[in-house]
């Protein structure tokens, strides 16, 4: 199924033929595990073993919530540079009855945190806030799961206890952080060899302490993490190292309801979450884009519109968070007022005209985070984004616990007030048609999360692309200085002719020929006509999309621990 039914959108598809061809070239690089089609649900994530954990839950009769929680705990073990149970998450859920819920498991500054006197740092103890991942995952399980928690967490415990082989990307990220890891003995003991060198791709990573921590959570639930022995160990370490995170701050943490924001785009309903996530930014950018006709432009020119729209929308993050601000972000009228700032082939300002809208610099952090999406045959969809902040977050592991803490405070996300939750560009989103979900997605990649999510939605709706082609198509991103960053990796990126078309709009560009640098989108599409779930993992990463049907196709055996 293509998310495109009108005559107008079919016409748009003709204008992006070249883009689709490039996307198809990149899609050929996808392994068999990065796409799946089934009539039994699907899971997509950034690591095959994490995806496998979620699919096992579907095979056991569990639902999408069970699959997402299993994948969420597992990915925190097998992709530790990108996320951890010491980090934060945001979860968007579409229930079988059609209701949409959101769970905010974001890291939080303690009530006693003083931004005026707190030490500033990019990693280490000063950047640690109260973790939210466990509260978020367990609330999802408690309210919407169906399998026992011990069953859901079993794969993650297994991966930590018995180990798995490092994928090249994960090994490279751990190596890049080796200097910081070496500063903290408990971290070095996990991620570095005895001689201080980082582990190489293909080597086993065994995390016994992490397994014990996860086993305690499986037995004692959120109470164990926020009130029990794990909480006491965290508080003792963090207070001893002069952070504001004490036992009271940990005990007072709760995963809370997230504000749902909605709008429409060319006949489809777009659903996301407001601050501290960036769903409103994606929605506002789509509202601006809706004012323009993509079939009158080339693919490159339309991509430039997307980048500019996000530059404008990102500025709203400073004022979002109230009912009034959310209403403005999703307002079609407001989008109409700001749309004239966009440069198109017929709307190019004269010399001295308004400058391009740069991305908000406070939240411009690239490269990190992980995302997973799960769907089941009951109509439940879960889009879940989880992060540590930058590569390996704070780089701190409390001795005996085995997991990394996220970077939140210390200036990493700008000035944060006491009790404030971390704002970011995290954007789990869903697209519905006549009340039926047709796409659930999200992304990793810092500020580029919103770029990837927006561009996949647009290419499927405006261009009629398949999910695989939309994931593989070259992307753009508006930089903090107002230049447009273009993915120009040879063979899969924008061509020199595309670049010249964008420059002709009076836009300065930066060419980036680097794989994996323009966010990584993991999504599940639903084709109502054939009752088929289509899972897709971003071809620029090492993830996978699987379903019970795809596992049965290879005898139901789990993949190698790699």
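A quick yes/no check of all residues on (1) at pLDDT 90 or above; (2) in contact with a strand residue (DSSP E or B) (Cβ under 9 Å, 6 or more places away or on another chain); (3) buried (at least 24 other Cβ atoms within 10 Å of the Cβ); (4) not in a loop (DSSP other than H, G, I, E, B):
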residue	(1), (2), (3), (4)
303	yes, yes, yes, yes
306	yes, yes, yes, yes
315	no, no, no, yes
334	no, no, no, yes
367	no, yes, no, no
378	yes, no, no, no
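A single entry from 431, 450 fulfils the requirement of being touching a strand residue (DSSP E or B) at 6+ places or on another chain (Cβ under 6 Å) and not in a loop (DSSP other than H, G, I, E, B): 431.
Please list, ordered by residue number, the strands (runs of 3 or more DSSP E) wholly in the range 455-562 having 2 or more residues that are surrounded by 24 or more Cβ atoms within 10 Å (Cβ to Cβ) and modelled with pLDDT of 95 or more.
Details: elements: 476-478, 484-487, 509-512, 520-527, 532-537, 544-546.
Per the criteria, 520-527, 532-537, 544-546.
Just one residue in the set 277, 243, 239, 264 is touching a residue at least 40 places away in the same chain (Cβ under 8 Å) and either touching a helix residue (DSSP H, G or I) at 6+ places or on another chain (Cβ under 9 Å) or in a strand (DSSP E or B) (or both); that residue is 243.
Specify which of the listed residues (459, 448, 423) is over 30 Å from residue 301 (Cα atoms) and touching a residue at least 24 places away in the same chain (Cβ under 8 Å). Please lay out each step first, then the result.
Details: 459 fails: over 30 Å from residue 301 (Cα atoms); 448 fails: over 30 Å from residue 301 (Cα atoms).
Going through 459, 448, 423 in turn, the sole match is 423.
The residue that is farthest from the chain's Cα centre (by Cα), counting only those in the range 143-163 that are farther than 13 Å from residue 218 by Cβ and surrounded by fewer than 20 Cβ atoms within 10 Å (Cβ to Cβ), is 162. Look at residue 221 and say whether it is modelled with pLDDT of 95 or more, surrounded by fewer than 14 Cβ atoms within 10 Å (Cβ to Cβ) and at positive phi. Against the criterion (modelled with pLDDT of 95 or more, surrounded by fewer than 14 Cβ atoms within 10 Å (Cβ to Cβ) and at positive phi), residue 221 does not qualify. Taking the condition assigned to a loop (DSSP other than H, G, I, E, B), out of contact with any strand residue (DSSP E or B) (no Cβ under 6 Å at 6 or more places or on another chain), at pLDDT 90 or above and buried (at least 21 other Cβ atoms within 10 Å of the Cβ), does residue 395 pass? In short, yes.
The values are calculated or read from the model by the stated rules, or taken from the named source; none is laboratory data. Here the structure is a predicted model, which is why all the values come from computation and not from measurement. Note that each Cβ is placed from the backbone with ideal geometry, even for glycine, and that neighbours are counted across all protein chains shown.
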